[in-house]
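The block underneath contains the structure these notes are about, expressed in structure tokens.
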Amino acid sequence: EALDEGLKKTKESFFSKITKAIAGKDKVDEEVLDQVEEALVGADVGIDTTVTIIKRIEERVAKDKYLGTSELNRILQEEIMGILTEAPSSEFETFDVPAGKKPYVILVVGVNGVGKTTTIGKLAHNYKKAGKNVLLGAADTFRAAAVDQLTIWSDRVGVPIVKKEMGSDPGSVAFDAVASGIARESDVVIIDTAGRLHNKAYLMDELGKIRRVISKKMPDAPHEVLLVLDGSTGQNALEQAKQFTAATDVTALAITKLDGTAKGGVVLAIANQFKIPVKYIGVGEKMEDLQIFNKAEFVDSLFS
Ligand code: GDP
């Protein structure tokens, strides 16, 4: 399965450390816990989330003094699932859109290079596959390459794109995309934005403008503000999430590039730290490599 394959590196590096930690031990002691802690931090689970998990394991060990190391995996799995269960969930388990929001407008934000364009292409593909009419809006008018890349995706997936020349006002592109989506009776309009993270004021201003212009055309839009984060950057992704959520109302998260990294634990840190659901994960470069984040499947893949 793509998810198992995608999380392979995280899993291997994480569990080789756990295996080493419990080698020759017959019960979970301080030393074992220290090494589990190290393994979690090494997988980029983040200090806060790691401390929470370790504390919970400690409580369980204290209750049962003779807790064997063979149970450690199961307990760890339960506690990791517990952390995810407490985190908010996306209301959708399929590529569906809510009734009465037509078109469903998704504004996609994130720093350049995190996989924003690719994620938009993958989303378009999946929504189309689910029978939705999709339209793309190229509102990253600062980079010619961004518009080109999005155009390539629109051709590849076979969905229309609204774009203007480089340097145009991003708000006007977003406005036209929503207008065109309404005229064409699109189900989903996905709008790309520039990923220039100069500073918070700049970001607030830029994204604020785009949102205001969109809502002039469709008052309750954008319906979703999707922040794309590069999971392979580990704690940097957390930092970006902090900056973007402070600058604008982010409603969903996509974490990309979980394949090819041992830092997949960052999903836990992000889920635990932000009150925003992780909606998608990216596990490869192809159209098919975007998955709706499923907590149980994620944990199963890590421990299977
Ligand atoms: P943008 O600048 O944020 O729009 O980033 P792009 O969408 O252009 O992606 C940057 C690079 O990351 C490209 O080479 C993508 O193919 C790659 N990429 C995006 N998502 C994933 C993913 O989930 N896994 C892998 N391995 N590569 C990805």
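Between amide H atoms placed 1.01 Å from N, distances below 5 Å from Thr256 occur with Leu229, Asp230, Gly231, Gly282, all of them 5 or more places distant or on a separate chain.
Applying a threshold of 18 Å to the alpha-carbon distances of Lys17/Lys295; Lys122/Lys286; Lys55/Lys279; Lys116/Lys279 flags Lys17/Lys295; Lys55/Lys279 as lying beyond it.
Volume per residue of the convex hull around the Cα atoms, evaluated for the chain, comes out as 117 Å³. Overall, the accessible surface of the stretch 23-100 at a probe of 1.4 angstrom is composed of carbon and sulfur to the extent of 47 percent.
Panel note: the C-alpha atoms of the stretch 12-134, placed on their principal axes, show extents of 58, 30, 24 Å (largest first). A Stokes-Einstein calculation at 25 °C with viscosity 0.890 mPa s, built on the Kirkwood radius of the stretch 216-304 over Cα pairs, returns a diffusion coefficient of 179 µm²/s.
Rounded to the nearest Hz, the phi-derived 3J(HN,Hα) couplings of the stretch 20-35 under the Karplus curve 6.51 cos²θ - 1.76 cosθ + 1.60 (θ = phi - 60°) are 5, 4, 9, 4, x, 9, 10, 8, 6, 10, 3, 5, 4, 4, 4, 6, where x marks glycine and proline.
If you restrict to DSSP beta bridges whose two residues both lie in the chain, what percentage is antiparallel, to the nearest 5? Counting only bridges with both partners in the chain, antiparallel ones make up about 10 percent. Look at where the Cα atoms of the stretch 13-61 and of the stretch 85-157 average out, and the two centres are 37 Å apart. Contact order normalised by length for the stretch 145-304, with contacts defined as Cα pairs under 8 Å and 6 or more residues apart; what percent is it? Relative CO of the stretch 145-304 lands at 15 percent. Here the dipole of the stretch 151-279 is about 220 debye; that uses its Cα centre as origin and unit charges on the Cβ of Lys and Arg (positive) and Asp and Glu (negative). Secondary-structure-derived ellipticity at 222 nm for the chain, considering helices only, amounts to -16000 deg cm²/dmol, per-run term -39500 (n - 2.57) for DSSP H runs with n ≥ 4. Our summary gives the chain a relative contact order of 27 percent, counting only alpha carbon pairs under 8 angstrom and 6 or more residues apart.
For the pair Glu91 and Lys27, a Förster radius of 35 Å applied to the C-beta separation gives a FRET efficiency near 0.25, rounded to the nearest 0.05.
Computed over protein heavy atoms with a 1.4 Å probe, the carbon and sulfur contribution to the accessible area of the stretch 152-304 reaches 49%.
Computed over neighbours whose Cβ is under 11 Å from that of Asp187, the net charge equals +3, Lys and Arg +1, Asp and Glu -1.
Working from Cα pairs under 8 Å separated by at least six residues, relative contact order for the stretch 68-209 is 32 percent. Centroid-to-centroid, using Cα positions, the stretch 207-238 and the stretch 165-190 are 15 Å apart. Remark: the stretch 133-242 carries 41 Å² of accessible area per residue (probe radius 1.4 Å; ligands, DNA and RNA excluded).
The values are calculated or read from the model by the stated rules, or taken from the named source; none is laboratory data. For clarity, every value in this text was computed on a predicted model and none was experimentally measured. Backbone-built Cβ (ideal geometry, glycine too); neighbour counts: all protein chains shown. Protein only, heavy atoms only, side chains kept; ligands, DNA and RNA dropped before computing areas. Shrake-Rupley method; radii C 1.70, N 1.55, O 1.52, S 1.80 Å.
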